[in-house]
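The values are calculated or read from the model by the stated rules, or taken from the named source; none is laboratory data. All figures in this text were calculated on a predicted structure; none of them were measured in a lab. For neighbour counting, all protein chains shown are included, and Cβ atoms are generated from backbone atoms with ideal geometry for every residue, glycine included.
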Amino acid sequence: MAPGPDLPDWADPRDLDPSVRSALRGLESRNADRVARHLVTAGTLVDEDPDLALAHARAARDRASRIAVVREAVGVTAYHAGDYAEASRELRAYRRMSGDESYRAVLADCERALGRAEVALRLVREALAEGPDPAETVELQLVEAGARQDLGEAPAARLVLEGALGGRPTPSGVDLTDEGTLRLASAYADLLAAAGDPAADDWRAAVTAATPDDDDDVAFGEEELPEVPGEPDAPAEATAEEAADESGEVDEVDEEDGLDFDADVEREVAELLGEVDPPEDDTPH
């Protein structure tokens, strides 16, 4: 087992949420302590150094891969670090192990970041059909609008955001004190600006006036979802997907890859939970 990055002195297991500490109780005590400290470090560093945070989350997974909250931590940290393939894999594993469906928008967003906008839209449709709560609905609508833009469907993206804002919205006619509405309005302002619509200035002014001074989450450009494959800093997996899509059969490849990916995750987690036997090792000894 790889030791992982060095643990800082300030990493205190007591800083973990009690529910996470409880989930680690089945581990040997020294191992549980190291896993907890890696998780604390990952959570603390995820915004300032997401790559190092991901290394700590992976170290926790190496020691406790059967624990759902550990897989969740890897998935969330990978998402922040821009490794969307790993984020999707880990969050699907977490969902399978825990039954928690709360990361549907993130999973759809990962598909979009990996160049599979059609798959992202399918996941959004499935999630919206289940009547998610208002906060998740906003996240799904933002992903849907972004995926439409990726597909060159700017008018459809505009309709998505306008519908989310109540239809034919005006800056003075929406409640920008609501965080979800503020995020939708920010994305709408960016979309209008990209289209050269002069109304963008009014929306940007309204969003700026309504954004708290210490709120870094709502700012112009922040509602843009992960970069599409081929742009700088996109993960290697995304670039490979883009090359495959040049065959002209984008939709078929996307759906098929998604099914194979789901099956791989299902097999892995079933093995971890002891529901099926692991594959035999054919390597000569």
Here is a check on your reading of the model: is residue 80 assigned to a helix (DSSP H, G or I), more than 16 Å from the chain's Cα centre (by Cα), modelled with pLDDT of 95 or more and closer than 27 Å to residue 105 by Cβ? no
In the range 161-180, anything among the small types (Gly, Ala, Ser), out of contact with any helix residue (DSSP H, G or I) (no Cβ under 7 Å at 6 or more places or on another chain) and within 17 Å of residue 142 (Cα to Cα) is listed as 163, 166, 167
Residue satisfying all of: in the range 191-227; within 19 Å of the chain's Cα centre (by Cα) and crowded, with 18+ Cβ neighbours inside 10 Å; modelled with the highest pLDDT among these: 218
When the range 1-29 is checked residue by residue, the ones that are surrounded by fewer than 16 Cβ atoms within 10 Å (Cβ to Cβ) and among the aliphatic types (A, V, I, L, M) are 1, 2
Any pair with Cβ under 8 angstrom, 6 or more apart, that starts in the range 146-174 at a residue that is touching a residue at least 60 places away in the same chain (Cβ under 8 Å) and under 20 Å from residue 201 (Cβ atoms) and ends at one that is surrounded by fewer than 22 Cβ atoms within 10 Å (Cβ to Cβ) and of a type outside the set (Asp, Glu): none
